[in-house]
């Protein structure tokens, strides 16, 4: 899984997304934190019209979400592709939080990944533990 993006960041990110989002803990964290990131983004954008305190709140929310998602991404067997630089960090994070993850949920891929990650219960009498 490389960094052969072609012309579309969204297509590239989508093609890699399922492999990097299979662990239930990571899925749960994304489900709970993507809306927080989105609210933080809206707070940051509207801060010039409301007040600087809203910018601080928005940046704090977005940074907290990124820290938490970064930790749970480490649980995945497939790590994220390294960032190319600061602009890539911003573009990929905004794309994931606003486009790719919502698409992952709406397409049914999130539900599919959640079910596939279900803890397996051994059959009575089997030697599995």
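Each residue in segment 90-102 was checked for being touching a helix residue (DSSP H, G or I) at 6+ places or on another chain (Cβ under 9 Å) and farther than 15 Å from residue 19 by Cα, and 9 pass.
Among the residues of segment 106-129, write down those that are in a loop (DSSP other than H, G, I, E, B) and modelled with pLDDT of 95 or more.
107, 108 - these are the residues of segment 106-129 that are in a loop (DSSP other than H, G, I, E, B) and modelled with pLDDT of 95 or more.
Selection within segment 81-92: residues that are surrounded by fewer than 17 Cβ atoms within 10 Å (Cβ to Cβ) and touching a residue at least 40 places away in the same chain (Cβ under 8 Å). The member of this set that is farthest from residue 9 (Cα to Cα) is 82.
For (1) in contact with a helix residue (DSSP H, G or I) (Cβ under 8 Å, 6 or more places away or on another chain); (2) farther than 20 Å from residue 117 by Cβ; (3) surrounded by fewer than 16 Cβ atoms within 10 Å (Cβ to Cβ), each residue gets a yes or a no:
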residue: 6; (1), (2), (3): yes, yes, yes
residue: 16; (1), (2), (3): no, no, no
residue: 31; (1), (2), (3): yes, no, yes
residue: 50; (1), (2), (3): no, yes, yes
residue: 57; (1), (2), (3): yes, yes, no
residue: 70; (1), (2), (3): no, no, yes
residue: 75; (1), (2), (3): yes, no, yes
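What do you reckon, is residue 92 more than 17 Å from residue 37 (Cβ to Cβ) and either at pLDDT 95 or above or part of a loop (DSSP other than H, G, I, E, B) (or both)? Taking the combined requirement at face value, the residue does not satisfy it. Could you tell me whether residue 103 is over 15 Å from the mean Cα position of the chain (by Cα), assigned to a helix (DSSP H, G or I) and at pLDDT 95 or above? Here the answer is no, as residue 103 does not meet what is asked.
Given the criterion closer than 28 Å to residue 109 by Cβ and at pLDDT 95 or above, identify the matching residue among 31, 47, 56.
Sole residue among the options that is closer than 28 Å to residue 109 by Cβ and at pLDDT 95 or above: 31.
The values are calculated or read from the model by the stated rules, or taken from the named source; none is laboratory data. These numbers were taken from a predicted model, which means no experiment stands behind them. FYI the Cβ positions are ideal-geometry reconstructions off the backbone, even for glycines, and counts take in every protein chain you see.
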